[in-house]
1. Taking the stretch B:59-115, which residues are within 11 Å of chain A (Cβ to nearest Cβ) and in contact with a Leu (Cβ under 8 Å, 6 or more places away or on another chain)?
2. Within the stretch B:12-29, does at least one residue satisfy the condition of being β-branched (Val, Ile, Thr) and either over 22 Å from residue A:61 (Cα atoms) or modelled with pLDDT under 95 (or both)?
3. When you scan the stretch A:41-51, do you find a residue that is over 15 Å from the mean Cα position of the chain (by Cα) and closer than 25 Å to residue B:6 by Cβ, even just one?
4. Scan the stretch A:36-47 residue by residue and report those that are surrounded by 13 or more Cβ atoms within 10 Å (Cβ to Cβ) and touching a helix residue (DSSP H, G or I) at 6+ places or on another chain (Cβ under 9 Å).
5. Of all the residues that make up the stretch B:1-54, how many are hydroxyl-bearing (Ser, Thr, Tyr) and at the interface with another protein chain (Cβ under 10 Å from one of its Cβ atoms)?
6. Among the residues of the stretch B:1-35, how many are open to solvent by less than 20 Å² (accessible area, probe 1.4 Å), outside any loop (DSSP other than H, G, I, E, B) and closer than 26 Å to residue B:106 by Cβ?
7. Among (1) in contact with a helix residue (DSSP H, G or I) (Cβ under 8 Å, 6 or more places away or on another chain); (2) at pLDDT 95 or above; (3) open to solvent by less than 60 Å² (accessible area, probe 1.4 Å); (4) of a type outside the set (D, E, K, R), which single condition is residue B:62 missing?
2 protein chains.
Amino acid sequence: MTLTAFASTPEPPYYAVIFASQRGDTGALAYYEASQRMLDLAAQQAGFLGVETARGADGFGITVSYWESESAIAAWKNDAEHTEVRRHGRLEWYDHFEIRVAKVERAYAGPRADR
Amino acid sequence: MTLTAFASTPEPPYYAVIFASQRGDTGALAYYEASQRMLDLAAQQAGFLGVETARGADGFGITVSYWESESAIAAWKNDAEHTEVRRHGRLEWYDHFEIRVAKVERAYAGPRADR
């Protein structure tokens with residue numbers, strides 16, 4: 001049983017950045033290294049609350065990062081190293097992606113019999 | 001290049017239900033069949049906008065479903081067959097899950113050089 005993949009977030013409200021992406025066939029090692037680096041770097045940002053990520057064998061993945069505020073999201077987007085890695089990702093690693101920024105209004109966990 | 005995994009959602013605002021879950025080792029076939037059935041059934045609900053899902057080899061997965069309104073989410077939660085399948089999931093299929101309901105405020109897609 002693995003629980004470390006879950007983000008430990010506070011009571012809502014807070015923000016979620018939902019990043020859905022289709023990987024191409026190129027650059028697996030460089031992509032993996034950059035992904036790990038970005039997770040580490042994000043975790044150091046002010047207002048970062050956590051991240052959850054999953055990718056299937058078909059290369060389709062979803063990463064959700066959680067943030068205290070819109071301004072924390074904006075600061076992370078403007079981080080210089082993150083900006084450079086995103087540029088690389090657009091050019092080389094992703095066939096397509098969709099980003100949605102959402103305000104989390106309620107949250108609960110399970111398994112619990114009353115849900 | 002596979003694009004069918006992406007949800008084709010309208011302009012925000014709309015709602016997202018972010019379901020992060022850790023599968024256990026049991027019931028792979030029954031789980032798969034129930035998952036497919038729930039995706040089909042959700043797609044028939046009023047106010048359903050789309051769904052994106054990914055699960056890695058470690059059994060950790062994220063499914064995000066998109067809805068027009070909170071009331072559409074509530075109606076789906078109260079659907080009788082869905083309720084029964086959730087009960088089954090809590091008992092047999094999931095070691096843990098986290099559900100977050102969020103209001104999508106902005107969205108964009110890529111790759112695009114100006115993002």
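1. Initially, the stretch B:59-115 is screened for residues within 11 Å of chain A (Cβ to nearest Cβ), giving B:59-64, B:66, B:70, B:73, B:77, B:83, B:86-115.
Within the stretch B:59-115, B:66, B:95, B:96, B:111 qualify.
2. First, pick out the residues of the stretch B:12-29 that are β-branched (Val, Ile, Thr): B:17-18, B:26.
Applying the additional criterion that residues be either over 22 Å from residue A:61 (Cα atoms) or modelled with pLDDT under 95 (or both) yields B:26.
Yes: one or more hits.
3. Our first condition is that a residue be over 15 Å from the mean Cα position of the chain (by Cα); within the stretch A:41-51, this holds for A:46.
Add one more test, that the residue is closer than 25 Å to residue B:6 by Cβ, and what stays is none.
No, the conditions are met nowhere in the stretch A:41-51.
4. Step one: filter the stretch A:36-47 for residues surrounded by 13 or more Cβ atoms within 10 Å (Cβ to Cβ), giving A:37-39, A:41-42, A:45, A:47.
Listed by number, the residues that qualify are A:37, A:38, A:41, A:42, A:45, A:47.
5. Within the stretch B:1-54, the subset hydroxyl-bearing (Ser, Thr, Tyr) is B:2, B:4, B:8-9, B:14-15, B:21, B:26, B:31-32, B:35, B:53.
Then drop every residue that is not at the interface with another protein chain (Cβ under 10 Å from one of its Cβ atoms), which leaves B:2, B:4, B:8-9, B:14-15, B:21, B:53.
Of the residues in that region, 8 qualify.
6. 4
7. (1)
Each row is one residue, and each column tells you yes or no for (1) within 26 Å of residue B:93 (Cα to Cα); (2) out of contact with any Cys (no Cβ under 9 Å at 6 or more places or on another chain); (3) free of Cβ contacts under 8 Å to residues at least 12 places away in the same chain; (4) assigned to a loop (DSSP other than H, G, I, E, B).
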residue: A:57; (1), (2), (3), (4): yes, yes, yes, yes
residue: A:65; (1), (2), (3), (4): yes, yes, no, no
residue: A:71; (1), (2), (3), (4): no, yes, no, no
residue: A:76; (1), (2), (3), (4): no, yes, no, no
residue: A:82; (1), (2), (3), (4): no, yes, no, no
residue: A:87; (1), (2), (3), (4): no, yes, yes, no
residue: A:107; (1), (2), (3), (4): yes, yes, no, no
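The values are calculated or read from the model by the stated rules, or taken from the named source; none is laboratory data. Since the structure is predicted, the reported quantities are computational estimates derived from the model, not experimental observations. When we count neighbours, we look across all protein chains shown, and the Cβ atoms used for this are built from the backbone with ideal geometry, even at glycine. Surface areas here come from the heavy atoms of the whole protein model, side chains and all, with no ligands, DNA or RNA. Shrake-Rupley method; radii C 1.70, N 1.55, O 1.52, S 1.80 Å.
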